[in-house]
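One structure is given here, and the rest of the page talks about it.
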Amino acid sequence: MTLASATVGSGRHGPPGKPGKRTDGRLDRGAGTWFLVLPALIPILVLSVGPLLYGVALAFTDAQSGRTRATQWIGTLNFQDLLHDGLFWESFRIGLVWAVGVTVPQFVLALGLALLLNENLRMRWLARALAIIPWAMPEVVVGIMWRLVYNPDAGILNETIRDLGLGDGRDWLTGLATALPAVIVVGVWSGMPQTTVALLAGLQNTPHELHEAAALDGAGAWRRFRTVTWPAIRPVALSITALNFIWNFNSFALVYVLTNGGPGGRTRLPMLFAYEEAFRYGQFGYAAAMGCVMVAVISVILAVYLAGRLRGGDDR
């Protein structure tokens with residue numbers, strides 16, 4: 001008997017079985033992996049994918065609150081109404097201004113703070129702990145705290161302006177010209193810590209030998225940043241910027257607490273507009289259509305942004 005026939009006869013290598021199952025009755029590695037992933041996958045499907053699909057379906061109906069008759073399928077009528085809804089597109093414009101106005105300063109300031117915290121400074125651990133305090137605070141608490149800061153009568157901002165002799169201050173959150181910039185400042189302050197932490201992690205993963213070699217070659221601080229530091233943290237910067245843009249555009253609680261969309265709709269972000277349509281006016285189908293449009297437009301903007309950045313990285 002040859003070695004091959006003995007091996008076959010011993011049952012160690014039988015005929016190929018069905019995919020996902022071994023001939024000895026045990027699950028193969030692929031099926032076992034799905035079995036381990038399933039406990040984490042089920043909550044995602046139930047709590048995220050399921051409501052998303054339900055919301056998309058709701059956008060094609062005339063669902064309203066307090067109705068006694070059954071909800072009807074109306075096709076794309078909600079989306080046709082949205083095309084002519086000037087208030088919605090104005091809120092969308094405000095949302096883009098808010099998202100860009102928060103994301104860009106947030107990144108620039110966080111990058112500077114991360115570079116500072118990456119240096120070998122005294123009490124660096126304390127500075128890092130203080131830097132992430134806004135991240136640990138709920139958005140509602142941040143909103144209430146900044147409402148006190150912006151208070152026109154006893155707020156610390158106006159009190160400081162008066163003490164410096166720069167004027168009598170102003171009502172920052174109710175002024176038509178100052179409401180959105182004031183809210184953007186709060187957004188930058190509250191969202192900067194997570195960007196700082198992400199960039200600091202990227203900086204700490206940059207080999208120190210590269211900086212030493214560049215310094216020996218006579219490279220100054222800016223050249224070392226441009227040729228060594230930035231290429232090392234670029235993937236992290238790209239990812240956190242994209243995530244920040246999504247988070248900022250979808251902001252709700254912070255602006256709701258600060259201004260509730262006022263004054264005169266100057267800070268009415270798309271999420272606030274959809275919230276009002278759904279829970280103040282009871283137009284669930286119309287609000288769901290708004291959500292679908294927001295997801296689609298933001299997905300396109302991010303796809304173009306990421307494709308351009310990644311293509312630029314490949315060219316270099």
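The values are calculated or read from the model by the stated rules, or taken from the named source; none is laboratory data. Model, not experiment: these values are computed from the prediction. In this analysis, Cβ positions are derived from the backbone assuming ideal geometry, glycine residues included, and neighbour counts consider all displayed protein chains. Calculation scope for accessible area: heavy atoms of the full protein, side chains included, ligands and nucleic acids excluded. Shrake-Rupley method; radii C 1.70, N 1.55, O 1.52, S 1.80 Å.
Which residues, taken from the range 191-205, are of a type in the set (S, T, N, Q) and surrounded by fewer than 16 Cβ atoms within 10 Å (Cβ to Cβ)? Give the derivation first.
Keep residues of the range 191-205 that are of a type in the set (S, T, N, Q), which gives 194-196, 204-205.
Matches in the range 191-205: Gln204, Asn205.
Take the residues in the range 39-76 that are open to solvent by 80 Å² or more (accessible area, probe 1.4 Å) and among the aliphatic types (A, V, I, L, M), then tell me which one is farthest from Gly291 (Cα to Cα).
Applying the filter and picking the extreme gives Ile42.
Please work out which residue is nearest to Phe252 (Cα to Cα), limiting yourself to the range 150-177 and to residues that are within 27 Å of the chain's Cα centre (by Cα) and buried (at least 17 other Cβ atoms within 10 Å of the Cβ).
Here the residue is Leu173.
Taking only the range 249-273 into account, find how many residues are open to solvent by less than 30 Å² (accessible area, probe 1.4 Å) and either assigned to a loop (DSSP other than H, G, I, E, B) or within 15 Å of Ala182 (Cα to Cα) (or both). Show your work before the answer.
In the first step, residues of the range 249-273 are kept if they are open to solvent by less than 30 Å² (accessible area, probe 1.4 Å); the result is 249, 251, 253-255, 258-259, 261-263, 265, 267, 269-270, 272-273.
Subset that is either assigned to a loop (DSSP other than H, G, I, E, B) or within 15 Å of Ala182 (Cα to Cα) (or both): 251, 254-255, 258-259, 261-263, 265, 267, 269.
So the count comes out to 11.
Hey, among Ala215, Ala296, Ala288, which residue is without any contact (Cβ under 8 Å) to a residue 12 or more places away in the chain, closer than 30 Å to Ala57 by Cα, assigned to a helix (DSSP H, G or I) and out of contact with any Asp or Glu (no Cβ under 9 Å at 6 or more places or on another chain)? It would help to see each step written out before you state the result.
On the way: Ala215 fails: closer than 30 Å to Ala57 by Cα; Ala288 fails: without any contact (Cβ under 8 Å) to a residue 12 or more places away in the chain.
Every option except Ala296 fails the conditions.
What pairs can you find where one residue is in the range 109-138 and at positive phi, the other is surrounded by 12 or more Cβ atoms within 10 Å (Cβ to Cβ) and polar (S, T, N, Q), and their Cβ atoms are less than 9 Å apart, with a gap of 6+ or different chains?
Cβ pairs passing all conditions: none.
Quick check on my filter: what residues within the range 92-143 are small (Gly, Ala, Ser) and either modelled with pLDDT of 90 or more or touching a Phe, Trp or Tyr at 6+ places or on another chain (Cβ under 6 Å) (or both)? Before you say what the answer is, go through the steps one by one.
Of all residues in the range 92-143, those small (Gly, Ala, Ser) come to 95, 99, 101, 110, 112, 114, 127, 129, 131, 136, 143.
Matches in the range 92-143: Gly95, Ala99, Gly101, Ala110, Gly112, Ala114, Gly143.
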